[in-house]
Amino acid sequence: MKQTIKLTVISVIILFTLVAVWANKTPFVTNPETVEITSTSSLNSLYISNCARCHGADGKGNTQLGQELGVPDLTITARRMSLTRVKNIITKGDGDMPSYKKKLKAAQIASLANYVRKLR
């Protein structure tokens, strides 16, 4: 009888634990700023709203402002750079390019750097 009660209690505890884990649809994250954006449409939107004015929607720099400032063609230059270098340029700025450190979160910068390096 005591063994049956113990097994029942243990089974109930395990069941409630599984239900709680299943019901918790939010992933466990210690620092939300380190989570990278994974949606292509979100990345495209982030790029368009922050970079396309100068670099163009395709990254080639064929915009009026891009030509005036002599911005590089990202489809060539960003692929040749390390991911760390691209992140540093976005974070700190470079030449006429402003810093995005205060405007974007670290995860957004990391995602944007990955996105820019994949432009073709």
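Values as computed for the structure displayed
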item	result
One residue from K87, K102, K60 being without any contact (Cβ under 8 Å) to a residue 40 or more places away in the chain, part of a loop (DSSP other than H, G, I, E, B) and touching a helix residue (DSSP H, G or I) at 6+ places or on another chain (Cβ under 7 Å)	K60
Which listed residue is at pLDDT below 75, under 26 Å from A110 (Cα atoms) and either open to solvent by 60 Å² or more (accessible area, probe 1.4 Å) or within 20 Å of the chain's Cα centre (by Cα) (or both), from T30, T40, T75, T17	T30
Any hit, the stretch 59-70, residues being within 19 Å of the chain's Cα centre (by Cα) and surrounded by 14 or more Cβ atoms within 10 Å (Cβ to Cβ)	yes
Residues satisfying the stated conditions in the stretch 110-120, i.e. under 17 Å from R53 (Cα atoms) and in a helix (DSSP H, G or I)	L112, A113, Y115, V116
Pairs where the first residue, in the stretch 41-53, is without any contact (Cβ under 8 Å) to a residue 12 or more places away in the chain and hydrophobic (A, V, I, L, M, F, W, C) and the second is open to solvent by 20 Å² or more (accessible area, probe 1.4 Å) and not in a helix (DSSP H, G or I), C-beta under 7 Å, 6+ apart	I48/A57
Residues within the stretch 79-117 that are open to solvent by 70 Å² or more (accessible area, probe 1.4 Å) and of a type in the set (F, W, Y), tallied	0
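The values are calculated or read from the model by the stated rules, or taken from the named source; none is laboratory data. Since the structure is predicted, the reported quantities are computational estimates derived from the model, not experimental observations. Neighbour counts run over all protein chains shown; Cβ positions are idealised from the backbone, glycine included. For the accessible areas, the whole protein counts, side chains as well, though only heavy atoms, and no ligand, DNA or RNA atoms are used. Shrake-Rupley method; radii C 1.70, N 1.55, O 1.52, S 1.80 Å.
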